[in-house]
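See below for the structure under consideration.
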Amino acid sequence: MNNEQFRAAAYALIDRIVTYREELASKTPPVLSKKEPGEILRALPTVAPEQPENLAAVLQDLDEHVFSGVMHWQHPRFFGYFPVGGGLASVLAAIVTNGLGVIGLNWQSAPALTEIETAVMVWMRDLLGLSSAWNGVIQDSASSSAVVALICARERTTAYSAAAGGLQAESTALTVYTTAEAHSSVVKAATLAGFGHDNVRLVETDADFSMNTQALQAAISEDRAAGKRPCAIVATVGTTSTTAVDPIEAIAAIAVREGIWLHVDSAMAGSAMLAPEFRHYWQGLESADSLVVNAHKWMTMAPECSFYFVRDAEHLVRVMSTNPSYLRTDVDGEVINYRDWGIPLGRTFRALKVWLTLRLEGADALRQRIRRDCGNTAWLAQQVDATDAWERVAPAPFQTICLIHKPLGLEGEALDAHTLDWCRQINNSGFAYLTPAIVGERWIVRVSVGSELMEREDVEALWEVMRKTAEDSAHAHTAKIIS
Ligand SMILES: Cc1ncc(COP(=O)(O)O)c(C=O)c1O
């Protein structure tokens, strides 16, 4: 593709993206893609084109198979999983990044990539209310951040064993503590970091799904008595299923007393800390060792953009650094080389998303979005609490409500079938999208408020449709039993 062909295609595509966003804003497409499994694959040629195709034909295929071949995460009635960043300022940044065609291997390979990352991580540290003791870097995901955190924990406990025989040379097993409510990436990270599944303790939770700190202390003491070495705790502020909040202050006190690494996973709910009224959920965080907040979830930035903060950047660099001759430069002593702050060598210009978003929209817009979404969530929680047969199964501290519709007499598997049925009906209708999940051994429905275009009227419309669908479905079920 030459420059002029690029210009023509880019203008056409920008126009198409704008039309797509306009269609979403007017709630035109069904939230769930109507494609059948295999339909897109069958429509594509089985061999790659040898010769260039005409732009118009390619754009038409994009329309038919791509724009309508995805779930519409940016739809105002997308209530599934979690809000995903699609802010247009960050989309512009992605275009610039790819337009530059650069990669950061060291400072010299793209000085702006490094220095804008340094600047925005200081901005974000301040905006999230963290002290200046933290240093941040942008990783691709919370999952990678968890791997880095647990490797750093392992290296601290073993006095840098990786430089010699690694975990294989250790005489006692190292243990990691989290809960069954933690994201699946935590156990995966522990396994990848070499701890082994058998050495991950899933600490008991309380009725609100948060970590029970007495059980944590007991598990640590038990492991010590059995000759194991407690190494890391992964606590979550805003768990995936219910957005439960582990008590960071009490957990941090245990971590400090026991000399254990504390990683705090705030991938989803960390964005709320842009608003100071939510920061009490981070009480005690200043004693943690590492923290992750995904800006590509509720903080508007297009994926991937995950903020990883550490207290001891020197330790991080010691664990992660590589220094092959071909990457050395004359200025290495004066600059930051972010390749030494994580796993990949070649780093993309993710910081540009943050920089352009903050410059073009301002931090207050991000903060107001958090307040809007939490206000809408509180409204929905009030409706659920005030309506017969509807129950919330967990507190809703941020933007997710976990609920069930429980008609009189429906229990156990019959209740599960009812929950899955009304949720599926709404999803298949295309009106809205919700995620069912198992919480406390029962199916529930998660309502995740907060896609960028979602306003109060969308939450009100969802509530009306949920009530009608679930209540009609329960009546139909009762009528069937009676007949
Ligand atoms: C609490 C929590 N931690 C971690 C993750 C994983 O995030 P990522 O996809 O960036 O690895 C999620 C994703 O939903 C999450 O909710």
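The values are calculated or read from the model by the stated rules, or taken from the named source; none is laboratory data. Note that the structure is predicted; figures quoted are calculated from it, not measured. Note: ideal-geometry Cβ built from the backbone for every residue, glycine included; neighbour counts use all protein chains shown. Accessible surface areas use protein heavy atoms only, side chains included; no ligands, DNA or RNA. Shrake-Rupley method; radii C 1.70, N 1.55, O 1.52, S 1.80 Å.
Quick look at the numbers
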| item | result |
| --- | --- |
| Residue check for G375: open to solvent by 20 Å² or more (accessible area, probe 1.4 Å) and modelled with pLDDT under 95 | no |
| Residues (within 17 Å of F431 (Cα to Cα) and polar (S, T, N, Q)) located in the stretch 71-107 | Q74 |
| Subset of the stretch 125-134 that is assigned to a loop (DSSP other than H, G, I, E, B) and open to solvent by 30 Å² or more (accessible area, probe 1.4 Å) - its residue that is nearest to the ligand (Cβ to nearest atom) | G129 |
| Flag if Q74 is touching a residue at least 40 places away in the same chain (Cβ under 8 Å) and part of a loop (DSSP other than H, G, I, E, B) | yes |
| First in the stretch 320-337 and assigned by TED's automatic domain parsing to the domain that holds T114 and open to solvent by less than 40 Å² (accessible area, probe 1.4 Å), second anywhere and assigned to a loop (DSSP other than H, G, I, E, B) and among the small types (G, A, S), Cβ under 7 Å, 6 or more apart | M320/G342 |
| Residue in the stretch 135-155 that is within 26 Å of F278 (Cβ to Cβ), away from the ligand (no atom under 16 Å from the Cβ), free of Cβ contacts under 8 Å to residues at least 40 places away in the same chain and assigned by TED's automatic domain parsing to the domain that holds A255 present | no |
| Residues that are charged (D, E, K, R) and outside any loop (DSSP other than H, G, I, E, B), drawn from the stretch 411-442 | E413, D416, D421, R424, R442 |
| Members of the stretch 295-312 that are open to solvent by 20 Å² or more (accessible area, probe 1.4 Å) and more than 20 Å from L453 (Cβ to Cβ) | E304, R311, D312 |
| Residue match in the stretch 211-231 (condition: within 16 Å of the ligand (Cβ to nearest atom), touching a helix residue (DSSP H, G or I) at 6+ places or on another chain (Cβ under 6 Å) and at negative phi) | no |
| Yes/no for Q168 being more than 11 Å from the ligand (Cβ to nearest atom), without any contact (Cβ under 8 Å) to a residue 24 or more places away in the chain, of a type in the set (S, T, N, Q) and open to solvent by 10 Å² or more (accessible area, probe 1.4 Å) | yes |
| Some residue of the stretch 62-70 being within 16 Å of the ligand (Cβ to nearest atom) and closer than 30 Å to C423 by Cα | no |
| All positions within the stretch 93-118 that are open to solvent by 40 Å² or more (accessible area, probe 1.4 Å) and assigned to a helix (DSSP H, G or I) | I95, V96, N98, G99, L100, W107, Q108, S109, P111, A112, E115, T118 |
| Residue list for the stretch 181-223, restricted to those being within 20 Å of R156 (Cβ to Cβ) and touching an Asp or Glu at 6+ places or on another chain (Cβ under 8 Å) | V186, R201, I220 |
| Per-region count, the stretch 178-200, residues touching a Ser or Thr at 6+ places or on another chain (Cβ under 6 Å) and within 15 Å of the ligand (Cβ to nearest atom) | 6 |
| Subset of the stretch 220-241 (residues that are open to solvent by 10 Å² or more (accessible area, probe 1.4 Å) and touching a Leu at 6+ places or on another chain (Cβ under 9 Å)) | K228, R229 |
| Hits in the stretch 234-267 (condition: more than 15 Å from the ligand (Cβ to nearest atom) and under 21 Å from P397 (Cβ atoms)) | P247, E249, A250, I251, A252, L262 |
| Any hit, the stretch 182-198, residues being assigned by TED's automatic domain parsing to the domain that holds M268, modelled with pLDDT under 95 and at positive phi | no |
| Considering residues of the stretch 274-301 that are in contact with a Lys or Arg (Cβ under 8 Å, 6 or more places away or on another chain) and over 22 Å from G80 (Cβ atoms) only, the residue farthest from the ligand (Cβ to nearest atom) | A275 |
| Where a residue in the stretch 239-266 is modelled with pLDDT of 95 or more and its partner, wherever it lies, is near the ligand (Cβ under 10 Å from one of its atoms) and assigned to a helix (DSSP H, G or I), with Cβ under 6 Å and at least six apart | T243/A269 |
